[in-house]
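Q: Dumping the structure here so I can ask a few things about it.
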Amino acid sequence: MGWYFPSHDDSTRYDFIPKDLVADDYYLNPLDLYLNAYNFSSETRKEIESNLNIASSSKLQSFNGYGIECEMGITKEGFVKNPRINSKVSPSTRREIIAFLQNIPQLEPGKNKHGKIIERRGLLFIEGGEIIPLYKSREEYLHSFDRKYKSFEDKPIKNVDDAELEYYVFSVANLGWINCDRFIEPNDPVDFIVKAPIDKDTKVKLVFSDLNGVLQANVVDGNYVFPNIPKGTAATVFALRNDEGNLLASFQKVTIDDTPFQGLALEAMTLTELKQQLKNLN
């Protein structure tokens with residue numbers, strides 16, 4: 001969720017809108033999708049969801065809530081500068097959230113009431129929970145995406161970011177996030193390790209077709225790690241990289257054991273090919 005607060009003599013609204021965003025009608029705040037796509041560790045996600053922000057004034061108790069308050073500058077070119085965390089968080093969570101803020105895509109710069117481009121200060125509140133679009137069906141969303149990117153079925157997709165691609169993946173495959181707590185008292189649990197170079201732009205997930213769910217990897221000691229997975233469980237290691245609209249993906253079926261997986265191989269795919277592979281996960 002984003003807020004703005006212009007200077008005292010400027011009443012112009014400023015929204016956090018990525019630069020050159022292709023217009024559509026199926027979500028409200030593009031940064032919500034970008035936030036959902038970011039690979040936060042499970043520890044950071046838990047801290048975000050359990051951190052209670054208390055309003056400094058007793059008259060503002062209705063503003064108390066769980067989440068992390070961030071503050072940053074927005075340059076005239078639309079880049080984030082000097083991000084900081086206003087909430088009390090652990091050092092590791094602070095580092096992860098600062099890294100997220102520093103990697104926010106270039107934004108449309110703010111203008112004052114006279115139409116002049118100016119620097120801004122902005123607030124961003126990060127909280128847990130599901131994201132939009134909750135007010136439309138999965139089918140409506142996919143129809144909107146297909147209409148929006150119809151001309152990019154077989155070539156790089158201009159102006160698509162990781163956030164929108166992430167939501168598209170979940171919608172096509174009809175999957176949802178799960179966590180290791182889903183496996184109640186797992187039989188012979190192991191930490192399933194994927195040994196591959198760590199890359200902030202590569203998303204690595206474990207897909208469980210029987211559960212219609214996806215588990216996000218933690219990064220531990222230079223590896224992608226999925227903790228406490230029952231040995232013998234069938235799954236698919238799914239990796240995706242969006243290189244300025246050029247899609248690289250890997251879908252590899254595995255049976256969970258305590259042997260590190262080392263066969264991650266990303267291959268170039270068109271949107272049509274990616275869509276078919278995602279459908280095969282159902």
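Q: Return yes or no: is Asn242 more than 25 Å from Tyr167 (Cβ to Cβ), in a strand (DSSP E or B) and in contact with a strand residue (DSSP E or B) (Cβ under 9 Å, 6 or more places away or on another chain)?
A: No: the conditions fail for Asn242.
Q: Among the residues of the range 29-56, write down those that are part of a helix (DSSP H, G or I) and either among the charged types (D, E, K, R) or modelled with pLDDT of 75 or more (or both).
A: Residues of the range 29-56 that are part of a helix (DSSP H, G or I), as a first pass: 30-37, 42-50.
If the condition is that a residue be part of a helix (DSSP H, G or I) and either among the charged types (D, E, K, R) or modelled with pLDDT of 75 or more (or both), then Asp32, Ser42, Glu43, Thr44, Arg45, Lys46, Glu47, Ile48, Glu49, Ser50 are the ones that fit.
Q: Still on this structure, I have one more. Need pairs with beta-carbon distance below 7 Å; first residue free of Cβ contacts under 8 Å to residues at least 40 places away in the same chain and within the range 250-274, second in a loop (DSSP other than H, G, I, E, B) and open to solvent by less than 40 Å² (accessible area, probe 1.4 Å); sequence gap 6+ or separate chains.
A: Final answer for the pair search is Gln252/Gly263.
Q: Let me ask another. Identify the residue in the range 217-232 that is touching a residue at least 40 places away in the same chain (Cβ under 8 Å) and not in a strand (DSSP E or B) and, among all such residues, is least open to solvent (accessible area, probe 1.4 Å). Step through it out loud before you land on a result.
A: If we filter the range 217-232 for residues that are touching a residue at least 40 places away in the same chain (Cβ under 8 Å), which is where we start, we get 217-219, 226-232.
Then keep just the ones that are not in a strand (DSSP E or B); that gives 217, 231-232.
Working: Ala217: 2, Lys231: 83, Gly232: 51 Å².
The selected residue is Ala217.
Q: Among Ala268, Ala235, which is open to solvent by 20 Å² or more (accessible area, probe 1.4 Å), out of contact with any Lys or Arg (no Cβ under 6 Å at 6 or more places or on another chain), assigned to a strand (DSSP E or B) and not charged (D, E, K, R)?
A: Checking each option against the conditions leaves just Ala268.
Q: Need the failing condition index for Glu71 against (1) modelled with pLDDT of 90 or more; (2) part of a strand (DSSP E or B); (3) of a type in the set (Asp, Glu), just the number.
A: Every condition holds for Glu71 apart from (1).
Q: Right, another one. Being out of contact with any Lys or Arg (no Cβ under 8 Å at 6 or more places or on another chain) and either open to solvent by less than 50 Å² (accessible area, probe 1.4 Å) or not charged (D, E, K, R) (or both) is the filter here; which residues of the range 238-260 pass it?
A: Asn242, Asn246, Ser250, Phe251, Gln252, Val254, Thr255, Thr259
Q: A follow-up question, please. Report, ordered by the first and then the second residue, all pairs with beta carbons closer than 8 Å, sequence separation of six or more or different chains, a first member in the range 74-100 that is free of Cβ contacts under 8 Å to residues at least 40 places away in the same chain and closer than 16 Å to Arg121 by Cβ, and a second member that is open to solvent by 60 Å² or more (accessible area, probe 1.4 Å) and part of a helix (DSSP H, G or I).
A: If the second residue must be open to solvent by 60 Å² or more (accessible area, probe 1.4 Å) and part of a helix (DSSP H, G or I), the pairs left are Val80/Gln102; Pro83/Gln102; Ile85/Arg94.
Q: Hey, can you tell me all the residues within the range 62-104 that are open to solvent by 60 Å² or more (accessible area, probe 1.4 Å), over 15 Å from Lys46 (Cβ atoms) and of a type in the set (Phe, Trp, Tyr)?
A: If the condition is that a residue be open to solvent by 60 Å² or more (accessible area, probe 1.4 Å), over 15 Å from Lys46 (Cβ atoms) and of a type in the set (Phe, Trp, Tyr), then Phe63, Phe79 are the ones that fit.
Q: So which residues in the range 175-216 are loosely packed, with under 15 Cβ neighbours inside 10 Å, modelled with pLDDT of 75 or more and either under 17 Å from the mean Cα position of the chain (by Cα) or part of a loop (DSSP other than H, G, I, E, B) (or both), if there are any at all?
A: Correct list: Asp188, Lys195, Pro197, Ile198, Asp199, Lys200, Asp201, Asn212.
The values are calculated or read from the model by the stated rules, or taken from the named source; none is laboratory data. Bear in mind that the values here come from a model prediction, so they are computed numbers and not experimental data. Glycine also receives a Cβ, built like all others from the backbone with ideal geometry; neighbour counts cover every protein chain displayed. Each accessible area value is taken on the protein alone, full model and side chains, heavy atoms only, with ligands, DNA and RNA left out. Shrake-Rupley method; radii C 1.70, N 1.55, O 1.52, S 1.80 Å.
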